[in-house]
Protein chains: 4
Amino acid sequence: MSFNTFGTLFRVTTFGESHGPALGCVVDGCPPKIPLEAAEIQERLDRRRPGQSRFTTQRREPDEVKILSGVFADPDTGRQVTTGTPIALLIENTDQRSKDYSAIQDTYRPGHADFTYDAKYGLRDYRGGGRSSARETAARVAAGAIARKIVPGLMVRAALVKVGRHEIDRRNWDWDEIDRNPLFCPDAEAARVFADYLDDVRKSGSSIGAIVEVVAEGVPAGLGAPVYGKLDADLASALMGINAVKGVEIGAGFASAELSGEENADEMRLGNDGAPRFLTNHAGGVLGGISTGQPLVCRFAVKPTSSILTPRATVNRWGEETEILTKGRHDPCVGIRAVPVAEAMVACVVADHYLRQRGQVGDTPAWPFVRPAAPAEEIPAAHTKARE
Amino acid sequence: MSFNTFGTLFRVTTFGESHGPALGCVVDGCPPKIPLEAAEIQERLDRRRPGQSRFTTQRREPDEVKILSGVFADPDTGRQVTTGTPIALLIENTDQRSKDYSAIQDTYRPGHADFTYDAKYGLRDYRGGGRSSARETAARVAAGAIARKIVPGLMVRAALVKVGRHEIDRRNWDWDEIDRNPLFCPDAEAARVFADYLDDVRKSGSSIGAIVEVVAEGVPAGLGAPVYGKLDADLASALMGINAVKGVEIGAGFASAELSGEENADEMRLGNDGAPRFLTNHAGGVLGGISTGQPLVCRFAVKPTSSILTPRATVNRWGEETEILTKGRHDPCVGIRAVPVAEAMVACVVADHYLRQRGQVGDTPAWPFVRPAAPAEEIPAAHTKARE
Amino acid sequence: MSFNTFGTLFRVTTFGESHGPALGCVVDGCPPKIPLEAAEIQERLDRRRPGQSRFTTQRREPDEVKILSGVFADPDTGRQVTTGTPIALLIENTDQRSKDYSAIQDTYRPGHADFTYDAKYGLRDYRGGGRSSARETAARVAAGAIARKIVPGLMVRAALVKVGRHEIDRRNWDWDEIDRNPLFCPDAEAARVFADYLDDVRKSGSSIGAIVEVVAEGVPAGLGAPVYGKLDADLASALMGINAVKGVEIGAGFASAELSGEENADEMRLGNDGAPRFLTNHAGGVLGGISTGQPLVCRFAVKPTSSILTPRATVNRWGEETEILTKGRHDPCVGIRAVPVAEAMVACVVADHYLRQRGQVGDTPAWPFVRPAAPAEEIPAAHTKARE
Amino acid sequence: MSFNTFGTLFRVTTFGESHGPALGCVVDGCPPKIPLEAAEIQERLDRRRPGQSRFTTQRREPDEVKILSGVFADPDTGRQVTTGTPIALLIENTDQRSKDYSAIQDTYRPGHADFTYDAKYGLRDYRGGGRSSARETAARVAAGAIARKIVPGLMVRAALVKVGRHEIDRRNWDWDEIDRNPLFCPDAEAARVFADYLDDVRKSGSSIGAIVEVVAEGVPAGLGAPVYGKLDADLASALMGINAVKGVEIGAGFASAELSGEENADEMRLGNDGAPRFLTNHAGGVLGGISTGQPLVCRFAVKPTSSILTPRATVNRWGEETEILTKGRHDPCVGIRAVPVAEAMVACVVADHYLRQRGQVGDTPAWPFVRPAAPAEEIPAAHTKARE
């Protein structure tokens, strides 16, 4: 996790600017013989693609992915599989309108990375945000589509749980609902409230923050490495590194501050299969930086889109005071598009740690009883109560 | 940040178990010619050392640090300085009471890493928590004492801002107060409230969570590397990797979810020195993963100590249901001791990124106006309002 | 230097198979504001491109490079420069003849990586050698073209100095000669001998090994990091990692085994500029893993091309004994094409260490007298004598 | 392999100067449940320890190793085993004579790293060579003792094969001879010749270079990662990084330059066990950067000790010309002590790649027939002929 490369054994290097010729990634360290078609990756990209509803930017990109390397016909089955060598994925930028950038070329948009890129590098590709554009996350989603296939039984899903002051009702949580509304909201009723609210926000030229929750099921116990490669530390890094994210929590998260030791301890019993079963999941699936076999539960906060129609005070690169108003195609709530990106990042982290654990300890589970446990029913309730 | 090594250019590798012969770290990549005495490191360690008040574990360790390598007399000044080679720091464990561990040897304490270490490795050093003990953080504090000296003008301070449902009043914030009470609390009045509350918690054999805030001033603009080495992603990883931490936020953090684009944008003006000045700091000093020159402001949640005097249901390593009650020396609120550890981790992250930026871009600031700005007065107020 | 990524701060990740859609690389960590045009990279690629003489494979690829990211117009000069973000380079494969691969698909060519790729991954892209093809080195040459521009005053050149039992006469060494013959040979007379000899080898369907020498001038003293990131260790890794290389030496190299301490010591005097001057360069520019300021001098041995027209005994993937004869387009001496690749690899190593040194120690040279010294005239003679 | 840390999954970080309080290492990523006693490590250290014969420096250090962390009693067997957490090893320096260093304090000994450390860092610990002392290799030997235990069936042995112009006769090669003479020489007759020759060298206050050969048997096929983590590239780096090494070769090595494709190809047949068998091993056990299952065969050249009794011209740190003569305890041939160090480095490389392969591909061998093959009888003969 340094520079533009992510991971230790499952390694993803992304490249590309919003309005350059192309963006993409190189996925290195993928196990061989995993069936992989461009269509599967495309399916994941399509979920993230903007312009699909009135709530995401109207930039229309087909975001068509090509696999440039690292796959070949399995000699035994004839199916296209990974070969173990680097998988390069390419997404060409096609909607590069020849736009007038004179307004933002030399003036720093508050909340954007304009100023910091200039401060760091002395220049920046200002077209569409350049490297700091959310467009880079398409490469992450593509890499995540591969990561998902590495850990047997892994299922990573995310959902929008809060927009502004509007929250879902956890009793209505239905994963099937996620793909039925354009907001990835697991509560059908809340989805309608969110949508109405976002319409108002959008019409007023404003924007609003959000909270997304990611749940990874099927994560075996034992993943994570003390003390600087803890699973939760890597999840925090992966999620905080998504554009516009300002906070990350795991399990009970910030609500832990108000819990007593008695409330917080996830008691253990044995399941019918003889494997340990946690009665609650305040830990969010991680203890001491190592997975417990319970679902990983993370939440993260996304700040409001910085591009708004109200002028804001700022300075330009010549050191003059001025103000700026950002026109153009923008999402009223970037939290929506963060949903598939978060799934991808969590899948990459889990895949990397899965391979690392296999490297250090081997295929045989260290402790015979340890298997991914079924989700504890009590989790959401416990959280909700704690947070109130 | 992988396994037990942290950092890219400023690299810290820690080792040691709670009750083994010693613990310590190797600090690699430190610039040469930095004056360094064991006494300076000792001073930082003494702030973290347990047993100094009734609120931290009564284990009494002198925690005396020795420098084993990497320092030598400067040929010009005669002062002891770093040589650029690895600095090994050693802290011997002296309070290794020959205790009876039969109760926890084979039984998993809920909330502790007992189960996960066994699940990962097939065994664990159960004495005092072994590698997962908070004792490991002594090595981090030692490394942080070196990191602080690398970035000219850097000042990193942390404070306890919430315990259970009790919060500080930000209008009373006084950094000088931090070292006047045993809780690292910046609000003298809140310190008294916290202390009374913690006395109750301690006497009832219970424990409680907390929130800590870290502020790093003097961080030049331009530190951080897109897109997987973002400064905030590395801070999140560093803080989430501290024992018992369940959530991390930067700037407005989770409160961003309720902010509009207008509220969240940190507008910019020019300061008297001609450098950009942000009117607020909802960003917490980071935009697009790169430092703005404003203070870095992070907050993290610490769960309640898992060791409590109430019996909890659990299982043992033979797959039997049982229950456990944890006696012994324990902190009612581990958030207190997390304060100096958090300072150290933030210092290490900033030092590493400082060297990385110097490596890629050189000593000359890329943008002439960019200098660390003075803290914006409006920050705490903005946060507080947003969070209500 | 792990998997398909090379370097710590100047990082190169390559991808692509010989007969896949494309190959290329992502160069991460490049300093910003370095002028860079595709044409410069193309020029380097053209030197390596096969099919330019009867001594290299007749595969005809234009090897046209495209820059996909990481460059932009400098706001001050208007020139295209690096931005500090990842530079992705793409070379599409155009000469992918639909060839019959049934002969090698399941049978292991001795000396090739066929067997080992199958042993490692369970399958391989057998078309043209797949990932193990020398074609991958095009991406390295492209990355090297960028690396060369990072260190001010750096000049890296390589030459073919031995083919079979035929060696150059070091008294005839003329760097200008390198680009006048198709063999990168610095001795015009030897070039003719090599050419005649290689004609015979080629006509007989055989192949032969070679030795290449690389010299890097303008390397400042102080680059290299004890003890596992030594400059010479990284050079050894970089050169040994080139296809078909079986040995690497620095300075006097293997001849050191026969030298006495008196012969081997490079004595020091002061040059006219007051900087230290070494009277000889048996060290090859590296002492204790750190550059001396003298030219880096490396030599490496390349084995003969494994594809020959004589049948060899082998086995197939079903565990049957058989024999194989490799038809097709092949170089009689792969050492020739290794010349520009070696230059690129050395440039990448030097650039990476240059940035690392700047990161750890800063721009100011640690020791005021230390500047790259002029090449010592005595070097080649000393070597030659030692090796006789 | 960067800075003072070596390896990707099996990671070794060393620290310490020759005359500081202590040196040692942290071994991270070691699999759990491997039986490990300090005595086993001590046995390896004792082989390397100087002062055991008249051919190595008379510095007498007990070099007693202590294990500070990472081991614990196996709950099932009661034996001390690794726990999977960092193993810190400490060797205290006891023979730190209070010596007069005024002669070398400010003057650069030719051939030593004195000048380059000053050039890099601006200062150095000059006592006994500081960090650049061969004493650092004790930590590597200690780490290697652990690495050897990771790969089942691995046996790594090294031998001194050439001193000055004196070479062994490969027909006399007897591994049992290695530990019968103080030179690690596998040819009893050559050992006597070497000893007599070294007596002369020592008495004349001179020194001489040497060649060491390392052979690793029991290395499974499939280890190594294209294209910058090739097994041979990592071996080259590991061996070139040993003090005083100036050249590394694998298999036929530099002799490959004179071989034809027909001579060089290692033909394959099936062994009695149905596994592939190579008829020769010019490849030295590596094809395309991946192990073949044959023994790894590496050779490296060690330059003569730079400390000699003849005065040499040099400069000092004030930029003055002077001369220097190095008195004190020194080896006439540092190649001798490089033998156990080389074994350790090769063991570390193989262990790291073994874990990496298990991580990426899993425990199941990718290709059912692939098992470590018996050494091919023809290897040494083939080499010898080729090198003549």
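The values are calculated or read from the model by the stated rules, or taken from the named source; none is laboratory data. On a predicted model such as this, the values are computed, not experimentally measured, just so you know. Cβ coordinates were reconstructed from backbone atoms using ideal geometry, including for glycine residues, and neighbour counts include every protein chain displayed. In case anyone asks, the SASA skips ligands and DNA or RNA and just uses the protein heavy atoms, side chains included. Shrake-Rupley method; radii C 1.70, N 1.55, O 1.52, S 1.80 Å.
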Review point. So how much accessible surface do A and B hide from each other in total, probe 1.4 Å, in square angstrom to the nearest 100?
Key: 9400 Å²
Review point. How are the Cα pair distances of the range A:54-134 distributed, in percent, across 10 Å bins from 0?
Key: 14, 30, 25, 18, 10, 3
Review point. Per-residue mean of other chain beta-carbon atoms within 10 angstrom of the beta-carbon, peptide B:123-130?
Key: 5
Study note, to complete from the structure: In cubic angstrom per residue, the convex hull of the protein assembly as shown built on its Cα atoms measures 157 Å³
Exercise for review: Return the long-range amide H neighbours of D:ARG277 (sequence gap of 5 or more, or a different chain), with a cut-off of under 5 Å between placed amide H atoms.
Suggested key: D:ARG269, D:LEU270, D:GLY271
Revision key, fill the gap. FRET efficiency for B:GLU321 and B:ARG192 from the Cβ-Cβ distance with R0 = 35 Å, rounded to 0.05, comes out at 0.20
Exercise for review: Tell me which residues come under 5 Å, amide H to amide H, from B:GLY229 once H is placed; ignore anything under 5 positions away on its chain.
Suggested key: A:PHE3
Practice item. Would you mind telling me which residue in A:ASP179, A:ASP76, A:ASP352 has the biggest mean-square fluctuation in a Gaussian network model of chain A, where springs connect alpha carbons within a distance under 10 angstrom? Key: A:ASP76
Check your understanding: In a solvent-free Debye calculation with one equal scatterer on each Cα, what is log10 I(q)/I(0) for chain D at q = 0.12, 0.15 Å⁻¹, listed in the order of the q values?
Key -> -0.97, -1.42
Exercise for review: Express the C-alpha Rg of the range C:181-340 as a ratio against the empirical globular expectation 2.2 N^0.38 Å, rounded to two decimals.
Suggested key: 1.34
Check your understanding: Roughly how many Å² is the accessible area per residue of the protein assembly as shown, as a whole number, for a 1.4 Å probe?
Key -> 30 Å²
Point to revise | For C:LEU287, residues with placed amide H under 5 Å, excluding near neighbours | key: C:THR292
Review point. Angle between the Cα long axis of helix A:231-240 and the longest principal axis of chain A, 0 to 90 degrees, nearest 10?
Key: 20 degrees
Review point. Relative to the longest principal Cα axis of chain D, at what angle does helix D:188-203 sit, 0 to 90 degrees, rounded to 10?
Key: 20 degrees
Point to revise | Carbon + sulfur, % of accessible area of the range B:62-170 - ligands and nucleic acids excluded, 1.4 Å | key: 44 percent
Check your understanding: Taking springs between alpha-carbon atoms closer than 10 angstrom, which of B:ASP74, B:ASP46, B:ASP331 fluctuates most in the Gaussian network model of chain B?
Key -> B:ASP74
Check your understanding: Label-to-label distances across copies for C:ASP169, with labels 7 Å out along Cα→Cβ, in nm, shortest first?
Key -> 3.9, 9.5, 9.7
Study note, to complete from the structure: With the 8 Å Cα cutoff and a minimum separation of six or more residues, chain B has a relative contact order in percent of 21 percent
Exercise for review: Could you give log10 I(q)/I(0) at q = 0.10, 0.14, 0.22 Å⁻¹ for the range A:230-314, computed by the Debye formula over C-alpha point scatterers of equal weight, without solvent?
Suggested key: -0.37, -0.60, -1.06
Revision key, fill the gap. Percent antiparallel among DSSP beta bridges confined to the range C:5-361, rounded to 5, stands at 100 percent
Exercise for review: Read phi for every residue in the range B:295-303 and hand back ³J(HN,Hα) as whole Hz from Karplus 6.51 cos²θ - 1.76 cosθ + 1.60, θ = phi - 60°, with x for Gly and Pro.
Suggested key: x, 6, 10, 10, 9, 9, 9, 10, 6
Point to revise | Pair C:THR94, C:ASP169: separation of 7 Å Cα→Cβ label points (nm) | key: 4.3 nm
**Study point:** Cα radius of gyration and Dmax for the range A:100-218 (Å)
**Key:** 18.4, 51
Review point. Between copies, how far does the label point of B:THR322 sit from its twins, in nm, shortest first, when each point is 7 Å from Cα along Cα→Cβ?
Key: 6.1, 7.0, 7.1
**Study point:** Value of [θ]222 nm, deg cm²/dmol, for the protein assembly as shown, DSSP H segments ≥ 4, -39500 (n - 2.57) each, nearest 500
**Key:** -8000 deg cm²/dmol
Revision key, fill the gap. Output row for C:GLY362: copy-to-copy label distances, label 7 Å along Cα→C-beta, ascending, in nanometres, one decimal, is 1.6, 5.2, 5.4
**Study point:** In order through the range B:3-19: 3J(HN,Hα) via Karplus (6.51 cos²θ - 1.76 cosθ + 1.60), integer Hz, x for Gly, Pro
**Key:** 6, 9, 10, 10, x, 9, 9, 8, 10, 10, 10, 10, 8, x, 10, 3, 10
**Study point:** Cβ nearest the rotation axis (B onto C), residue from chain B and distance to the nearest whole Å
**Key:** B:GLY359, 1
Point to revise | Degrees separating the helix A:137-147 axis from the principal Cα axis of chain A, which is the longest one | key: 20 degrees
Revision key, fill the gap. Under the 7 Å Cα-to-Cβ spin-label approximation, B:LYS203 and A:ARG79 lie apart by a distance in nanometres of 6.6 nm
**Study point:** Heavy-atom accessible area order for C:LYS246, A:LYS66, largest first, 1.4 Å probe
**Key:** A:LYS66, C:LYS246
Check your understanding: Can you list the residues of the range B:317-346 with backbone N under 19 Å from a point 7 Å past the Cα of A:ASP273, pointing along Cα to Cβ?
Key -> B:317-321
Review point. Which whole-Hz ³J(HN,Hα) couplings does the range C:158-169 yield from phi under the Karplus relation 6.51 cos²θ - 1.76 cosθ + 1.60, θ = phi - 60°, glycine and proline marked x?
Key: 10, 8, 7, 10, 7, 9, x, 8, 8, 10, 6, 9
